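The values are calculated or read from the model by the stated rules, or taken from the named source; none is laboratory data. Nothing here was measured: the structure is a model prediction, and the numbers come from that model. Cβ sites come from the backbone with ideal geometry, for glycine too, and all protein chains shown count toward neighbours.
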Amino acid sequence: MKIVINRCYGGFSLSDEAILRYAEIKGINLTRVEDEDKFWSYFIIDGDKDKYFSDRELPRNDLVLVQVVEELGAKANGQCAKLRIIEIPDETNWQIGEYDGMEHVEQVHQRWY
């Protein structure tokens, strides 16, 4: 299984190019919206200002996400991100751990109290 993680401090994010490529493959109609000063922007789905697209909510083992990061390489990196694909055995029960936005994949262990 391939999993996309961020390997620098800051946090996971995709570039606009990667978001648009992801949407193209998935068949999602996105519109970029900017504030009046063009300081920040976000994407909405199907022109509905109440339906936001969030790259941070994507499953990190999403096959299309992995494809986009493989296709674009460093161009997939969002602000303060350095994306990397980690490969682990399919049967692994995994989660993403992080410190100040730098992520790693770790195996989930059971705990009993």
Single residue of the range 74-98 satisfying the filter (exposed (fewer than 12 other Cβ atoms within 10 Å of the Cβ) and over 17 Å from ILE3 (Cβ atoms)) that is modelled with the highest pLDDT: ALA74
What residue, among those in the range 45-63 that are part of a helix (DSSP H, G or I) and among the acidic types (Asp, Glu), is surrounded by the fewest Cβ atoms within 10 Å (Cβ to Cβ)? GLU57
Test result for GLU87, without any contact (Cβ under 8 Å) to a residue 40 or more places away in the chain, closer than 18 Å to VAL105 by Cα and of a type in the set (Asp, Glu): no
So, in the range 18-50, how many residues would count as being farther than 28 Å from ASN93 by Cβ, at pLDDT 95 or above and basic (Lys, Arg)? 1
Counting only residues that are in a loop (DSSP other than H, G, I, E, B) and touching a helix residue (DSSP H, G or I) at 6+ places or on another chain (Cβ under 7 Å), which one in the range 1-44 is surrounded by the most Cβ atoms within 10 Å (Cβ to Cβ)? PHE12
Can you pull out every residue in the range 7-25 that is in contact with a Leu (Cβ under 8 Å, 6 or more places away or on another chain) and more than 9 Å from GLY78 (Cβ to Cβ)? ARG7, GLU17, LEU20, ARG21, TYR22, ALA23
